[in-house]
Amino acid sequence: MTEQELAHKILKQKDLFALWVARPSSIQRDELLKLFMVDIVGTNYIALPLGNGNTGYFCEENKLEDFYQQFGKKLISNWNIKEHLSTYKKSAQELIKLSQKVFVIKENKVALLKFYQDWLKKLGEYSLYFLTPYLIENQFETELKDILKKKFPQKEDEYFEIIAKPSIVFAYQEYQIELVKMGLKIDYAYLINKYRWIPEYSFREILLDKNMIDQEMERIVQDGLTEEILKIKHNVQNNQEDYFKLISSITDERLKVLIELVHTYVNIRTERIEIFKQCQTNLRDFYKIFTKLVKKEMKEFDYSQTISLTNQEIIDFLNGKTTFDLTQIDLREKKQYLSIYIGDNIFPLFIYNQNLIQEIRTELTHEEAREQFKGISAFKGKVTGKVQIIIKKEEFVDFKKDCILVTQFTTPAYIPLMKMAKAIITNDGGITCHAAIISREFNIPCVVGTKIATQVLKDGDVIEVDADKGIIKIIKHS
């Protein structure tokens, strides 16, 4: 199939595709979605660089909704939920253990192939949990709120807040606690060894270093967060106690199951990403060894080109079956490509023609002027203000008080910015996501799950956030 024919096929089916998420990427990061979108959900999916440092991942919306419906029905029985949560723990432990084997792997094609195939198998099992938080939002959070409102009309909000608060200390918070406790005597080697994975996302990022640690400590001190960080474990313990007190008072079995499911996923939502980032960071050693082997045959080959290969290209090389088209790989590295898994293909098809890519991008992202869009109300309020888009941690220092924070999603690292924000808007999330929890804690108007906020809005746009209705209107373009 020629690029022109492939583009025509995509455009003909454009109404089937909807943006799922947008993220920093590399081809190896794109390939993760194949493991759950294609192999688990059964949808075609498109990876399309959006021109803002992110790649947009588009899937067939009806197939994803069907998957949510069918998987949700299987999950809701008490037995299946317990099994599902137990399988998550087991899968996470197995993935971590396997990723650590890279440190003792032999530097030959046979050993690398065996490791990589084992990795893809275990990652495929774990990849289900990249989908399930969205399923919980889609299928169960609204039902839970409705039941709480019906059964406990006077305590609906109080009970939901208890359910929606994390009951574990996340690894990033552990890092902050250890850093604060060190004070002026920072053990850089210890922190870098234990938490080097924190900046990881797409195999490209600079990992944790002394400068990042110093910047984090400086930010903590300047923002007056020392006491708050030292209280994290105490607050989590209180959350646990409140949760167990609530769950033990519930007699309705379905409500009890829903509460357990939603609350556990408040923890899993962040924990699963932290676990995967640790494994990804370990996998960099595999890519470095792989690069050394390729360089024996192609002297100019480097690490950035390795992470621009597909899974099948890596397997084929280790099987001695292929050489690489460096021109195409360089275009992937520069994000001048579109890839799609379509039909029964075991590898993605690529488009490199920039005119065709722009035509598809325009159609899929609706790049025509958009003055209003909608999300999910996480905390009510109506404000007008200037947009400031924050994507990378390096941009945190530039955030200005009383701007409207627009981002893909938030993590505990965003809390100082969120406190300064006039309102919060995210691409991702539901009513139990991190942004929603923090906005309710600090009474900040918040709209989550817009999918497109970081694509539609620009820094300096003046917008109205109607978080009562979940509507964002552009008043004046920057």
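The values are calculated or read from the model by the stated rules, or taken from the named source; none is laboratory data. Because the structure is a prediction, the values reported are computed rather than measured. Quick reminder, even Gly has a Cβ in these numbers, built from the backbone with ideal geometry, and neighbours come from all protein chains shown.
For the stretch 309-333, which positions are surrounded by fewer than 18 Cβ atoms within 10 Å (Cβ to Cβ) and touching a strand residue (DSSP E or B) at 6+ places or on another chain (Cβ under 8 Å)?
Q328
Could we say that D118 is at pLDDT 95 or above, in the same structural domain as I268 (by TED's automatic domain parsing) and of a type in the set (D, E, K, R) here?
Yes; evaluated as a whole, the condition is true for this residue.
Could you tell me whether the stretch 318-333 includes any residue that is modelled with pLDDT under 95, touching a Leu at 6+ places or on another chain (Cβ under 8 Å) and either outside the structural domain of W20 (by TED's automatic domain parsing) or among the aromatic types (F, W, Y) (or both)?
Taking every residue of the stretch 318-333 in turn, at least one turns out to be modelled with pLDDT under 95, touching a Leu at 6+ places or on another chain (Cβ under 8 Å) and either outside the structural domain of W20 (by TED's automatic domain parsing) or among the aromatic types (F, W, Y) (or both).
Please state which one of E395, E363 is in a helix (DSSP H, G or I), out of contact with any helix residue (DSSP H, G or I) (no Cβ under 7 Å at 6 or more places or on another chain) and of a type in the set (D, E).
The unique qualifying residue is E395.
For the stretch 210-261, how many residues are more than 30 Å from T87 (Cα to Cα) and part of a helix (DSSP H, G or I)?
So the answer is 18.
Have a look at E94, E107 and point out the one that is under 24 Å from K292 (Cα atoms) and either not assigned by TED's automatic domain parsing to the domain that holds D285 or not in a helix (DSSP H, G or I) (or both).
E107
Could you go through the stretch 261-280 and let me know if any residue there is farther than 18 Å from Y134 by Cα and aromatic (F, W, Y).
Among the residues of the stretch 261-280, not one is farther than 18 Å from Y134 by Cα and aromatic (F, W, Y), which makes the answer no.
Return yes when S478 is at pLDDT below 95 and under 22 Å from I136 (Cβ atoms) and no when it is not.
When the stated conditions are applied, S478 does not pass them.
Looking at G449, G430, G460, G385 in this structure, which one is of a type outside the set (A, V, I, L, M, F, W, C), under 30 Å from Q176 (Cβ atoms) and more than 22 Å from the chain's Cα centre (by Cα)?
Checking each option against the conditions leaves just G385.
Inside the stretch 56-79, can you point out the residues that are surrounded by 15 or more Cβ atoms within 10 Å (Cβ to Cβ) and not acidic (D, E)?
Once the filter is applied, which keeps residues that are surrounded by 15 or more Cβ atoms within 10 Å (Cβ to Cβ) and not acidic (D, E), the stretch 56-79 yields G56, Y57, F58, C59, K63, L64, F67, Y68, F71, G72, L75, I76.
Starting from the stretch 377-401, take each residue that is without any contact (Cβ under 8 Å) to a residue 60 or more places away in the chain and list its partners that are assigned to a strand (DSSP E or B) and among the polar types (S, T, N, Q), counting only C-beta distances under 8 angstrom and pairs at least six apart or across chains.
I390/T407; D398/Q388; F399/Q388; K400/Q388
Tell me yes or no: at least one residue of the stretch 144-153 is among the aromatic types (F, W, Y) and over 20 Å from L261 (Cα atoms).
No, because not a single residue in the stretch 144-153 is among the aromatic types (F, W, Y) and over 20 Å from L261 (Cα atoms).
Can you tell me how many residues within the stretch 366-392 are polar (S, T, N, Q) and not in a strand (DSSP E or B)?
0
Among the listed residues S167, S202, which satisfies the condition of being closer than 30 Å to Q100 by Cα and at pLDDT below 95?
Going through S167, S202 in turn, the sole match is S202.
If we keep just the residues of the stretch 228-253 that are without any contact (Cβ under 8 Å) to a residue 60 or more places away in the chain and closer than 16 Å to M182 by Cβ, which is surrounded by the most Cβ atoms within 10 Å (Cβ to Cβ)?
I229
Checking I404 against (1) aliphatic (A, V, I, L, M); (2) modelled with pLDDT under 95; (3) surrounded by 15 or more Cβ atoms within 10 Å (Cβ to Cβ), only one condition comes out false. Which one?
(2)
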